[in-house]
1. Please report, as a whole percent, how much of the solvent-accessible surface of the chain comes from carbon and sulfur atoms (probe radius 1.4 Å).
2. Using the crude model of +1 on Lys and Arg Cβ and -1 on Asp and Glu Cβ, and no other charge, please compute the dipole size for the chain relative to its Cα centre, in debye to 20.
3. Where the centre of each part is set by its Cα atoms, how far does segment 146-188 sit from segment 48-113, in angstrom?
4. Just check segment 215-366 against the gyration tensor rule for me: Cα atoms, a ≥ b ≥ c as the square roots of the eigenvalues, rounded for a/c under 1.5, and otherwise prolate or oblate depending on whether a/b exceeds b/c.
5. Can you list which of the GluC sites (Glu not before Pro) found in segment 142-246 are DSSP loop residues with at most 11 other C-beta atoms within 10 Å?
6. If the only charges are +1 at each Lys and Arg Cβ and -1 at each Asp and Glu Cβ, what is the size of the charge dipole of segment 62-123 around the Cα centre, to the nearest 20 debye?
7. Where is the GNM fluctuation largest for the chain (alpha-carbon springs, 10 angstrom cutoff): Ile73, Ile111, Ile55?
8. Filter Lys247/Lys293; Lys128/Lys421; Lys128/Lys247; Lys272/Lys293; Lys293/Lys340 down to the pairs with a C-alpha to C-alpha distance above 20 Å, please.
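The values are calculated or read from the model by the stated rules, or taken from the named source; none is laboratory data. Keep in mind it's a predicted model, so treat the numbers as computed, not measured. Cβ: placed from backbone, ideal geometry, glycine included. Neighbour counts: every protein chain shown. In case anyone asks, the SASA skips ligands and DNA or RNA and just uses the protein heavy atoms, side chains included. Shrake-Rupley method; radii C 1.70, N 1.55, O 1.52, S 1.80 Å.
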Amino acid sequence: MQTSFTSLQLQNPEIAVANDILRTCVHCGFCTATCPTFVTLGDELDSPRGRIYLIKDMLENNRPAGEEEVLHIDRCLSCLSCMTTCPSGVNYMHLVDHARVHINETYKRPILDRLLREVLALILPYPKRMRVALGLAGLAKPFAFLLPGNSMFIKRLRAMLNLAPAKMPAAQSLGGTVHKPVGEIKGRVALLAGCAQQAIGPSINNATIELLNRLGIEVVIPEAAGCCGALVHHMGRHEEALAAARKNIAAWSAPDLDAVIVNTSGCGTVLKDYGFLLRNDPMAAQAAAISAKSLDISEYLLKIYQPSAAAPDIIVAYHAACSLQHGQQITTAPKTLLRKAGFTVVEPKDSHLCCGSAGTYNILQPDIAASLRRRKLDTLKAKSPDVIAAGNIGCLTQLAGDGIPTVHMVELLNWMAGGAKPAAMEMMQ
Ligand code: SF4
Ligand code: SF4
């Protein structure tokens, strides 16, 4: 694609990167067929190619974001299915990240939208605040039907209330803990405990730590490490995302760590991009080293996992989180591990399509998210599974509550290595 940035504009390193990305796109449109928002809405401007044109026009003309760009870029899930499909290697992720920062800096959103985003940025990255918010949402949930009208703000409020679990799990605070295996220590890793995950899915971290310990791996969770920054990064809040990244990089830079393990693939994609995000920062070298050390739990387990029991006759529908399959190009490791544990693994039709979770997307774009959820659940249930497994807390929350238990794949692997049966499956025969 031809671009027409001026030489002055190209002196800005961010614009120079955007220019390089734009020039690799050959407008072929292959990406449109695998884009969930194009498949759902059928509008070229809700396809990767359409968004690329909008971003190009906005950046080349060096103008503030307008309503049209904001509408269509906000609707993008950042699922990165387009990057898997693109034959030209267009780095859509870095382009849309740049566009989101531009929007955040140049566009004044309506007051309620701004307020909601402020609240999300103030609560979601902090597990304790999130627990309080979810507790309050749980109390308000039975009265959600009283919310008047069907404006976007009200729909977003309803979507937030719907995220409150029926029963809050026990509080988890893993910062500053070290978990040693019994016997010989074969390795030492840091675990990203996650923010939302500590609040709503503590059993995932527990299973991860237990399993790693069983396999002889010491697990360290530094006090100073916190949210990976993805939640604010995807809202275009660049400086907040960089601050979160710097804190984590400093916390994980101990030389004796073999890897930084991530069991929330949405966070893993961002960790693996720290090197790029901080490429012009004094911490650039450390950031690149942490990105190189960051591994999804499935990647790390692939070489060392050993089940200790034969799995019961259970059909596991594996839902591939976008951040894992598109963001990190990890497609086979989780299924290989589940099969090694003895489960029968099935996959839904159109497994490349997003479930609609996508960080805060299911709150900010409730209609599209609900439609993608329904589609994903229908294709999963068509395989008659006993349980749905994924590698990302966001997907598990999005797909929960429709009659089939949802569990993190590491909970199933830990079960077959001698751990407890995942609580979500306790009701099953
Ligand atoms: S598939 Fe790649 S090259 Fe083709 S239009 Fe989409 S982004 Fe551009
Ligand atoms: S990231 Fe996903 S939703 Fe966004 S343009 Fe690409 S395929 Fe479409």
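1. Summing carbon and sulfur atoms, their accessible area is 58 percent of the total for the chain.
2. Approximately 680 debye in magnitude.
3. 29
4. Because a/c hits 1.5 or more and a/b fails to exceed b/c, segment 215-366 counts as oblate.
5. Those that pass, being in a loop and sparsely packed, are Glu184, Glu223.
6. It works out to roughly 60 debye.
7. Looking only at Ile73, Ile111, Ile55, the biggest GNM fluctuation is shown by Ile111.
8. Lys128/Lys421; Lys293/Lys340, as the Cα separations exceed 20 Å there.
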